[in-house]
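Asker: I am attaching a structure below and will ask some questions about it afterwards.
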Amino acid sequence: MAREFTSVGVVGLGTMGAGIVEVFARNGIDVVAVEISAAAVERGRATLTGSTDRAVAKGKLAEADRDALLARVDWQVGLDALHSVDLVIEAVPEHLDLKQRIFAELDRVCKPEAILATNTSSLSVTEISVATTRPNQVIGIHFFNPAPVMKLVEVVRTVVTSADVVADVEALCERLGKVDVTISDRAGFIANALLFGYLNHAVSMFESRYATREDIDAAMKLGCGLPMGPLALMDLIGLDTAYEILDTMYRRGGRDRRHAPVPLIKQMVTAGLLGRKSGRGFYTYERPGSPVVVPDEHTPVTTGAALADGARAIAKVGIVGSGTMATGIIEVFAKAGYEVISVTRGAEKSAKVCEAVKTSLNKGVVRGKLSEEDRDAALGRVTWSATLDHLADVDLVVEAVVEELSVKKALFASLDEICKPGVVLATTTSSLPVIDVAMATQRPADVIGLHFFNPAPIMPLVEIVQTIRTSPETSATARAVCAALGKTGVVCGDRSGFIVNALLFPYLNDAVKMLEASYSTADDIDYAMKLGCGYPMGPFELLDVVGLDVSLAIQRELYLELREPGFAPAPLLEHLVTAGYLGRKSGRGFRDHTKR
Ligand SMILES: NC(=O)c1ccc[n+]([C@@H]2O[C@H](COP(=O)([O-])OP(=O)(O)OC[C@H]3O[C@@H](n4cnc5c(N)ncnc54)[C@H](O)[C@@H]3O)[C@@H](O)[C@H]2O)c1
């Protein structure tokens, strides 16, 4: 029989604590909510009232249930109020000495059988536990932000946590409607160990002005389907908390430079820019604690007129290539009203591409997303050719041929001879340096990267890659074209992986390393990222879809260009590729797809 928890204590009612109080009270459990001062108690109470009022307004909670929920919470200053609770969850700031002091005090105050839990994200639960006389009753219960919404709980057992305590806490998580993964005491557990290197990397992109905050966030939301971008997430977590987590992970997790907090984070914390909770972090919020972003001096002007500033007029577009990307891009331009010339290496290939475009447009008609007239008009705008010479009078060329530098360079050299002056020449490369392609022409100022995502007709993102030679007019033209296509264009520099792949693949590689170290299973790691961070797919699901060979190639490129030791491809990834386990396409990757 699992232990009955009728009353629990929550210590610290900040970003996490207030949410944890709500989780328990919603599930019929009495809560003693403790803070350091009356003012802090009031802040915690206001957070809970705000959250439950919003739930009532949205029709997700009945008024009577809200009142019953609020009546279950006993607000108190000081730990003495916790003498008779069955379980305490501590959610004070991420400092070991503070947590140890609180646990020593809890050990004195709480009844002997009470379980003492910490919500720490990165500190050692073991080190916290030894501040008490009952380390076997100390455990990590790591909720995710916002606690009432995120389904995951990481249950962290130390080498001394008793098996009964683990089982009781697992049963409690189930009662709370949460999914738990039980793991051992390692810096960052599963989710944060995979998340924080990525967040820190995103901040360093912003700090080095590689891309704007809006573009970094839009890239990860639209390119990977994440619920929020990394900088918005930093603001939600709180920059002070994020700093402490990174700092601890750096010290505890083998001094991986990727966890050394980017200097900007410390500066922002010192300046009081803590994120949502202080009303300003990477973004500015309506007021402290509000999720509503308001414009500030860094907000870009995105009106049509500003976008078109300096842009060249584009009416006729040449698209070179006959693969998946070229096919999708032809459809995108034709549907947006551009006159398109598709150039392939032969009539047979042109016929195939034409057929593929037709099939895709027809699907749109069947699904009711496109009228028959619009389909016919789109097809009517495309000319099919097997000769580059037909690109003599286009305004823009988009190249989507095989990902080989020599092939692309030769093509751009030919385009340079054929195309009229002033044409924008774009490459869709996802891994080659755009500058290499640009320098194959006599007009590098007109060359830019337009990195579409697959499938191009569906994915809303395009990375606009500027080289050090790209002119402002070329860049403005690319931005205006993306807007006219109905895509979000994000501007970045010419570095390996651009924004999305540079942030995504090291995270996937880290997940493989975690599996390789037997810290957790592929299923639990996938759960942790989906249920703890709201990712649409777990890392192993995504790796199997993308292809392990493709992922390995991208990771190798990143490692070779940036020489970051933490980017070295995981040996397990190399072995699986060598063994021919490439993911869905070969029937087996991290999972066996032949049986599903
Ligand atoms: N922010 C997140 O996204 C997140 C997610 C999961 C876990 N965590 C972890 O949760 C813990 C709390 O983080 P947070 O972001 O909620 O911090 P926070 O700064 O928002 O809140 C901490 C609260 O603790 C209170 N406090 C400080 N000393 C206290 C004491 N002696 N007694 C009672 N209350 C005290 C503070 O007044 C403050 O309200 C940390 O261990 C953090 O790593 C945070």
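Asker: What number comes out for accessible area per residue over the stretch 1-95 if the probe is 1.4 Å? Units Å², please.
Answerer: Heavy-atom accessible area per residue stands at 45 Å².
Asker: If you place +1 on the Cβ of every Lys and Arg and -1 on the Cβ of every Asp and Glu, how big does the dipole about the Cα centre of the chain come out, in debye to the nearest 20?
Answerer: Dipole magnitude for the chain comes out near 640 debye.
Asker: Which value results when the Cα radius of gyration for the chain is divided by 2.2 N^0.38 Å?
Answerer: 1.09
Asker: Can you give the helix-only mean residue ellipticity at 222 nm for the chain, where every DSSP H stretch with n ≥ 4 adds -39500 (n - 2.57) and the sum goes over all residues, rounded to the nearest 500 deg cm²/dmol?
Answerer: -13500 deg cm²/dmol
Asker: Packing-wise, with mean Cβ within 10 Å as the measure, how do 47-60, 502-515, 399-412 rank, highest first?
Answerer: Result, highest mean Cβ count within 10 Å first: 502-515, 399-412, 47-60.
Asker: Convert each backbone phi in the stretch 63-69 into a coupling constant with the Karplus relation 6.51 cos²θ - 1.76 cosθ + 1.60 (shift: θ = phi - 60°), then list the ³J(HN,Hα) values in order as whole Hz, x for Gly and Pro.
Answerer: Whole-Hz 3J(HN,Hα) from phi for the stretch 63-69: 4, 5, 5, 4, 5, 5, 4.
Asker: Can you send over the solvent-accessible area of V465, 1.4 Å probe, protein chains only, in Å² to the nearest 10?
Answerer: 0 Å²
Asker: Another question, if that's okay. Just add up the charged neighbours of S496: K/R +1, D/E -1, any other residue whose Cβ is under 14 Å from the Cβ of S496.
Answerer: Within the 14 Å Cβ shell, the charges total -4.
Asker: Please report, in whole Å, how far the alpha carbons of the stretch 237-376 spread along each principal axis, starting with the longest.
Answerer: Between the extreme Cα coordinates on each principal axis of the stretch 237-376 lie 63, 41, 35 Å.
Asker: About the Cα centre of the stretch 482-543, what is the dipole size in debye to 20, counting +1 per Lys and Arg Cβ and -1 per Asp and Glu Cβ, all else neutral?
Answerer: 320 debye
Asker: Using only the heavy atoms of the protein chains and a 1.4 Å probe, how would S121, S360 rank by accessible area, largest first?
Answerer: S360, S121
Asker: Any chance you could run the full-extension gain for A68 through S406? It's 0.36 nm times the residue separation minus the Cα-Cα distance, nm to one decimal.
Answerer: 114.7 nm
Asker: Around V481, with a cut-off of 11 angstrom between Cβ atoms, what is the net charge of the other residues, counting Lys and Arg +1 and Asp and Glu -1?
Answerer: Taking every other residue near V481 into account, the sum is +2.
Asker: Restricting to Cα atoms and excluding each atom paired with itself, what does the Kirkwood estimate give for the stretch 1-57 in Å?
Answerer: Value: 11.8 Å, from the Cα pair sum.
Asker: I've got another one for you. Quick check: net charge around S322, other residues with Cβ under 13 Å of its Cβ, Lys/Arg +1 and Asp/Glu -1?
Answerer: Net of charged neighbours comes to 0.
Asker: Per q in 0.13, 0.22, 0.30 Å⁻¹, report the Debye log10 I(q)/I(0) for the stretch 89-147, using one uniform scatterer on each alpha carbon and no solvent.
Answerer: Debye intensities relative to I(0), on a log10 scale: -0.28, -0.78, -1.38.
Asker: Kindly rank 158-164, 331-337, 235-241, 368-374 from highest to lowest mean number of other beta carbons found within 10 Å of each residue.
Answerer: Sorting 158-164, 331-337, 235-241, 368-374 by mean packing, highest first, produces 235-241, 331-337, 158-164, 368-374.
Asker: Next question. Using a simple spin-label model with points 7 Å from Cα along the Cα→Cβ vector, what separation in nm is obtained for D376 and K352?
Answerer: 3.0 nm
Asker: Within the accessible area of the chain, what % is carbon and sulfur when the probe is 1.4 Å and the other protein chains stay in place?
Answerer: Ligands and nucleic acids excluded, carbon and sulfur reach 54 percent.
Asker: Counting only residues 5 or more places away or on other chains, whose amide H sits under 5 Å from the amide H of D180 once H atoms are built in the peptide plane?
Answerer: Those qualifying (amide H under 5 Å, at least 5 residues apart or on another chain) are V153.
Asker: Per residue, how much accessible area does the stretch 350-411 have with a 1.4 Å probe, in Å²?
Answerer: 55 Å²
Asker: Using +1 at the Cβ of each Lys and Arg and -1 at the Cβ of each Asp and Glu in the stretch 152-211, identify which of V203, L172, S162 lies farthest towards the dipole's positive end.
Answerer: The residue sitting most towards the positive pole is V203.
Asker: DSSP loop (so not H, G, I, E, B), at most 15 other Cβ within 10 Å: list which GluC sites (Glu not before Pro) in the stretch 236-309 pass both filters.
Answerer: E286, E297
Asker: What do you get for the angle between helix 96-109 and the principal long axis of the chain? Use alpha-carbon atoms, 0 to 90 degrees, nearest ten.
Answerer: Approximately 30 degrees, to the nearest 10.
Asker: To continue, here is another question. Explain nothing, just the number: dipole magnitude of the stretch 424-544 about its Cα centre with +1 on each Lys and Arg Cβ and -1 on each Asp and Glu Cβ, in debye rounded to the nearest 20.
Answerer: 540 debye
Asker: I've got another one for you. Using a 1.4 angstrom probe, figure out how much accessible area the stretch 460-522 has per residue, in square angstrom, rounded to the nearest whole.
Answerer: Spelled out: the 1.4 Å probe surface of the stretch 460-522, per residue, equals 30 Å².
Asker: Heavy atoms of the protein only, probe of 1.4 Å, neighbouring chains included. What is the accessible area of H83 in Å², nearest 10?
Answerer: Number for this one is 110 Å².
Asker: Rounded to a whole number, what is D in µm²/s for the stretch 163-271 from Stokes-Einstein with the Kirkwood radius over alpha-carbon pairs (20 °C, 1.002 mPa s)?
Answerer: Stokes-Einstein gives a translational diffusion coefficient of 138 µm²/s.
Asker: May I pose another question? I'd like to know which of L98, G310, V365 lies farthest towards the positive end of the charge dipole of the chain, counting +1 on Cβ of Lys and Arg and -1 on Cβ of Asp and Glu.
Answerer: The residue sitting most towards the positive pole is V365.
Asker: Rounded, prolate or oblate: which one fits the stretch 424-490, using the alpha carbon gyration tensor with axes a ≥ b ≥ c (rounded when a/c is under 1.5, else prolate when a/b beats b/c, else oblate)?
Answerer: The shape class here is oblate.
Asker: Place the peptides 260-272, 108-120 in order of packing, highest mean first, counting for every residue the other Cβ atoms within 10 Å and averaging per peptide.
Answerer: In descending order of packing, they fall as 108-120, 260-272.
Asker: A further question follows. Under the classification rounded if a/c is under 1.5, otherwise prolate if a/b is larger than b/c and oblate if not, where does the stretch 253-330 fall, given a ≥ b ≥ c as square roots of the Cα gyration tensor eigenvalues?
Answerer: oblate
Asker: Got a sec? Charge dipole of the stretch 1-74, +1 on Cβ for Lys and Arg, -1 for Asp and Glu; which of A18, V32, A55 is way out at the positive end?
Answerer: The listed residue farthest towards the positive side: A55.
Asker: Same structure again: How do Y283, Y243 rank by accessible surface area computed with a 1.4 Å probe, from largest to smallest?
Answerer: My answer, sorted largest first, is Y243, Y283.
Asker: What does the accessible area of R556 come to, in Å² to the nearest 10, when a probe of 1.4 Å is used?
Answerer: R556 has an accessible surface of roughly 110 Å² with all protein chains in place.
Asker: Evaluate 2.2 N^0.38 Å with N set to the residue count of the stretch 530-589, then give the Cα radius of gyration divided by it.
Answerer: 1.20
The values are calculated or read from the model by the stated rules, or taken from the named source; none is laboratory data. From a predicted model like this one, the values you see are computed outputs, not experimental measurements. Positions of Cβ are generated from backbone atoms using ideal geometry, with glycine treated the same way; all protein chains shown enter the neighbour counts. When the accessible area is computed, the model is the full protein with side chains, heavy atoms only, and any ligands, DNA or RNA have been set aside. Shrake-Rupley method; radii C 1.70, N 1.55, O 1.52, S 1.80 Å.
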